[in-house]
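The values are calculated or read from the model by the stated rules, or taken from the named source; none is laboratory data. Because the structure is predicted, anything quoted here is derived from the model rather than measured. Every residue, glycine as well, gets a Cβ built from its backbone with ideal geometry; the counts of neighbours run over all protein chains shown. Ligands, DNA and RNA are excluded from the accessible area calculation, which covers all protein heavy atoms including side chains. Shrake-Rupley method; radii C 1.70, N 1.55, O 1.52, S 1.80 Å.
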Amino acid sequence: MALIYIQNLNFTYPNNKQRALKNVNFFVEEGEFVVLCGPSGCGKTTLMSQLKREIRPEGDISGNIYYRGEPINHMPKKQAVEEIGMVFQDPENQIVLDTVLHELAFSMENMGYDIKIMKKRIAEMSNFFGLEKMLHKPVNELSGGEKQILNLASVLLLQPKVLLLDEPTSQLDPIGAKRFLQMVHRLNRELSMTIIMSEHRLEDVFPLADKVIFMQKGEVKHMGNPRSISYKILMSGDAAQHNYLPSVVRMYSYLKKDIEQAEIPIDVREAKTVICNLIDKDEKQYSENSDICSKFSEKPVISLKDVCFRYDKNSPNILDKLSLDIYPGEFLTILGGNGAGKSTLLQIIAGLKKPQRGKVYFKGREMSRIKEGERYSKIGYLAQNPMLYFIYETVEDELYKRAEMLKTRVDDVEKLLMEYMDLFNLEPLLKRHPYDLSGGEKQRLAMATVLLSKPEVLLLDEPTKGLDPTFKINFQNMLDKLIKTGMTIIMVSHDIEFTAGNTYSCALLFNGEITSKDTSSNFFSENYFYTTSVNRTVREKLPKAIILEDVKKVCRKERHMPVKTASY
Amino acid sequence: MNRGFASLHPAPCFLYYVSLVLLVMVIYHPLFLLLALCFQISLNIMQDGGKRLKESIKFYIFLGLLIVLINPFISHRGQTILFYFLDNPVTLEAIIYGIAMMMSLLTILISFVSYNMVITPDKFMFLFSSLLPKTVFVCMMAMRFVPVLKRRSQDIALVQKTRGTDTTTGSFTQRIKNGIQIMIILITWSLEEAIITSRSMRARGYGITKYRSSYFDYKMTKSDWAVLAVIIFSCGNLFYFWYQSIGHFQIYPKVSALTLDIRTGLFLVMSFIYLSIPIVIEGAEKLRWL
Amino acid sequence: MQERKTHAGKNGLILTIAGFVVILALSISGSGDYIMPISFALMILSMVPFYIKFEKKELDAEEIVLIAMISALAAVGRVPFAALPSIQPTSFIIIMTAMTFGKEVGFLAGSTAALVSNLFLGQGPWTPWQMLSWGMMGFTAGLLKDTHFIKSKLGLCFFGFAWGFLFGWIMNLWFLFLFQMKDITWKVLLGSCIASFKFDLNHAVCNIIFILLFSDRFTKILNRTKEKYGLLK
């Protein structure tokens, strides 16, 4: 008997014509690791919340959900809470109480457990997760990754049989995300816990999954183990779906004439043996010119000289004698570990923070001498969280009132507004409340309002965080268009795959300084860990290939596949 | 900090501070007040080298002196008239009463400095958690939100600066308006995000059982009981003495001379025992680590 | 948050007022030997009915979160105005909250905000007084929320202005109690009110400024929250 059996499930939100879930059918065996994937808004979260009775949204529902053969609604309340645990996307807002210890105890207190049981379980769990040292810490001193681990631990203290994870790693940096997934993997393998996890990036979870379910517009499109679902998606010929597959699978499908399901690689290790046999060329030097300055003969638009910065007198320098030149038209990504000071650096470039030592120049003028109004309109800054920008109650106000304010400074602001509304596809959203938009829509709106001041330099802080591949492709096109207008873009990111494919140059921020700045292909091909899975797979044969397109350039594809282009 | 007096169970500590505040408010005996003040200052010094006390002591002394100076001029009770000021009598009693009030006030204020080191928010919550579980729960949640909101507010202010919304420049009205803009974002955003918090609470079973249990890891040990017994015994005695007017120091209408009989002696001994409890505990701990 | 018919709030209010009357009477008559303990006891007692009611009520996760969040917002309300030392929106937030969510939420948000900021900044003998003052501010605002008087901007401004002074006077009282009341006469009371006039006026004017500039938007935000949290049912 399957642990969970979903039969003909349909669900419609109130005041909504379209069904959020359409005829969903599947089952989950005990101990299975199930991954739900698909574009945002495809119904992943809705489906999961149907399994978690306490947070099930209101709406019309038909069909059945069985848990251990019984309708899930017949389960006693207490059992439902205990046996089905859930961790949400945002690590910060899930936390209820002030210290780690209180937070861990929270779920057990709700169940009315005796203090002896609570103590024992917390002791055990702290051991498993290595939380002993932080038990008495206030939760706001934890990093995002630690917060998410805490959320997981707090749920696990009820000893659930099923764990629902709703894009749990989308807000984490790569190291935090890997650590979280390792934990989940251990729970699955060592305790045979059933895992249902939604995720848009399959790169890391593919090797762990027993079953992958691909959803689109509320429907289950494909289902199967990683190999079979890869095969089904590859054969479906829908390019939009392809983007959800890990790059090793896409690379395999590109290079292999007749795709064999059993041979599809699901991680780098497997890909290495399969794919290297498919590449008959040994192209060591198809690289372009690696000297970054040769492309940009002009003077730098932004120039940092020996910049030092710390938050207060007694804290260590976050940036330490950092020097960096950025040229007009350059698209630079700054990479670096968690807390390396990337965001701080961006804020210094934006003129929002003043370094204690060193100088920042914008087109040869010292930053602090430029009037604030001019500084902020010439250098656009888009912070990590678009929510920080929204003041008004409709998208329309947000755009038009901003344009109104800029009228005196930017001559053709109205024309610009129309252009950006078009570019970012904001027309259909005008009457909505900014807070009701999806993550990607918020990002586009915030970006449009920043661009209205006609900046020459655009600074982006983690613009792709938590967003799905479809958005990333669109976003990439938008950035391309901006670059073509001559804009300089500086981006801070953890998203290696996105960075590798898009930016012109990359720099690594480490120990308070820029340790290397180079073109993307040189930058990544020289790295060992900090590089794309494509590069890790083919580096012996094609050391300079970092994204699928690079491989494609070298290896002409012989087999033609029916591929539609991605639609908006 | 979890040493000395603070390492005890919060209940005896809390009882001690509450009883101390009450006692210094009702007993005017100068020796008692002097002893209480000196011991509270020493306690602060033993606890953190007087660091926290230094931050506010100047203001406290100012307040104390203010009382000593003002009282004789607003209070004209008492029979020993020293001189006349603007046709109003200034009495010895009023001056002495002012000094007693100063000592009492300083003791209360200084004891709160050490109170805040000993009764941490967590312990405070624990003390009331069995009496007012829901209220304490709301407080703990609010305490979790406070640092989050502070950081958010700073982030918003930074980003809004790029839009000319700045509280540091411009006319006063404009600065207030800008502050309100930041507030609008902070409130809208935080209330919106808090929905996720409530979902997470539901998912973890909040409201499932009628009675939540509570996890606070404070246990009364034998020594806690012993200290509690000493506190109850000594402060109980002092309240009894006060009720019986033993050790009563009469100020109004005419200040009485300090006398020492057996009962007053007993009162002073009991005062010494009571007031030295935290000092002895701190000192014993210090000696152990010498 | 629907309000069930109990008399907790009224009892609390009556106790508070009775308490102050007793304190004033005792102090002016000059027989205030035990005024300090009595005043403390009465003050604590006047808050008890509110808390008993709150403890008995079964609250949704959403309601609890809302109260905690608004209390925290009120407690940190000064942070965005760090550059403007005399601007303090806490009272405004509490009044507006009570106007939208009613008297009980108003009391709780007010007293919790006071307690929480004291837990961060350090408690003192003033803590319960602040809890009471802000709690009562919220309670009275909630009590009047359906009257024509407070629904008009002018009325609301008057209410905010009055509480600016009232708050200051209540806080003066706790300090006067430390003087042990023996010599408290109406002259001294008046003196303390004059001494704190500047601060109280500042508080009162602040409330008016916020009410004029921010109350409409604030109400909209809270109404949206009400709807989103499903608290309209």
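Data for the structure
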read-out: Size of electric dipole in the protein assembly as shown: Cβ of Lys, Arg +1 and of Asp, Glu -1, about Cα centre, debye, nearest 20; value: 740
read-out: C-alpha long axis of helix B:172-203 to longest principal axis of chain B, angle in °; value: 80
read-out: Within 10 Å of each Cβ in C:42-51, the average number of Cβ atoms from other chains; value: 1
read-out: Folded to 0 to 90 degrees: helix A:439-451 orientation relative to chain A principal axis, Cα; value: 10
read-out: Viscosity 0.890 mPa s, temperature 25 °C, Stokes-Einstein D of chain B from Kirkwood C-alpha radius, µm²/s; value: 105
read-out: Using alpha-carbon coordinates, inclination of helix A:174-191 to the longest axis of chain A, degrees; value: 10
read-out: Exercise: per-residue mean of other protein chain Cβ atoms within 10 Å, B:173-179; value: 5
read-out: Virtual spin-label span in nm between A:ASP306 and C:ALA82, 7 Å along Cα→Cβ; value: 3.0
read-out: Average partner coverage of C:121-128, which counts Cβ from other chains inside 10 Å; value: 4
read-out: Hz values of 3J(HN,Hα) by residue in region B:276-289 - Karplus curve (6.51, -1.76, 1.60), Gly and Pro given as x; value: 8, 3, x, 5, 4, 5, 4, x, 4, 5, 4, 4, 4, 9
read-out: Lysines whose Cα lies under 26 Å from that of A:LYS272, excluding same-chain neighbours fewer than 8 positions away; value: A:LYS178, A:LYS211, A:LYS232, A:LYS256, A:LYS257, A:LYS281, A:LYS284, A:LYS541, A:LYS544, A:LYS552, A:LYS553, A:LYS557
read-out: Peptides ranked, highest mean first, by Cβ atoms within 10 Å: ranges B:210-222, B:186-198, B:42-54; value: B:186-198, B:42-54, B:210-222
read-out: Helical contribution to [θ] at 222 nm, DSSP H n ≥ 4, -39,500 (n - 2.57), averaged over the protein assembly as shown, rounded to 500; value: -17500 deg cm²/dmol
read-out: Amide hydrogen neighbours beyond the local backbone of B:TYR206, cut-off 5 Å, H modeled; value: none
read-out: Dipole axis of region B:111-181 (+1 Lys, Arg; -1 Asp, Glu on Cβ), positive-most option in B:THR173, B:PHE126, B:SER111; value: B:THR173
read-out: Eligible aspartates and glutamates near A:LYS77 by straight Cα distance, threshold 15 Å, same-chain separation 8 or greater; value: A:GLU54
read-out: Solvent-accessible area, 1.4 Å probe, carbon plus sulfur percent, for the protein assembly as shown; value: 58
read-out: In sequence order, calculated HN-Hα J values of region A:259-269 (Karplus, 6.51, -1.76, 1.60; Hz; x Gly/Pro); value: 6, 10, 4, 5, 9, 4, x, 10, 9, 4, 4
read-out: Whole-Hz ³J(HN,Hα) from phi, Karplus 6.51 cos²θ - 1.76 cosθ + 1.60, for region A:109-117, glycine and proline x; value: 4, 4, 7, x, 5, 6, 4, 5, 5
read-out: Amide hydrogen neighbours beyond the local backbone of A:SER40, cut-off 5 Å, H modeled; value: A:ASP468
read-out: Candidate lysines for bridging to A:LYS407, where Cα separation is under 25 Å - those fewer than 8 sequence places away on the same chain excluded; value: A:LYS363, A:LYS371, A:LYS378, A:LYS415, A:LYS431, A:LYS442, A:LYS454, A:LYS481, A:LYS484, B:LYS161, B:LYS177
read-out: Drop in accessible area of at least 20 Å² in the complex versus isolated chain, residues of region A:343-392, 1.4 Å probe; value: A:LEU352, A:GLU372, A:TYR376, A:TYR381, A:ASN385, A:MET387, A:LEU388, A:TYR389, A:ILE391
read-out: Accessible surface, per residue, of chain A when the full set of protein chains is kept, probe 1.4 Å, Å²; value: 42
read-out: Residues whose placed amide H lies under 5 Å from that of A:ILE334, excluding near-sequence neighbours; value: A:MET491, A:VAL492, A:SER493, A:ALA507
read-out: Restraint check, A:LYS78/A:LYS161; B:LYS54/B:LYS286; A:LYS217/A:LYS342; A:LYS78/A:LYS120, Cα-Cα greater than 25 Å; value: A:LYS217/A:LYS342
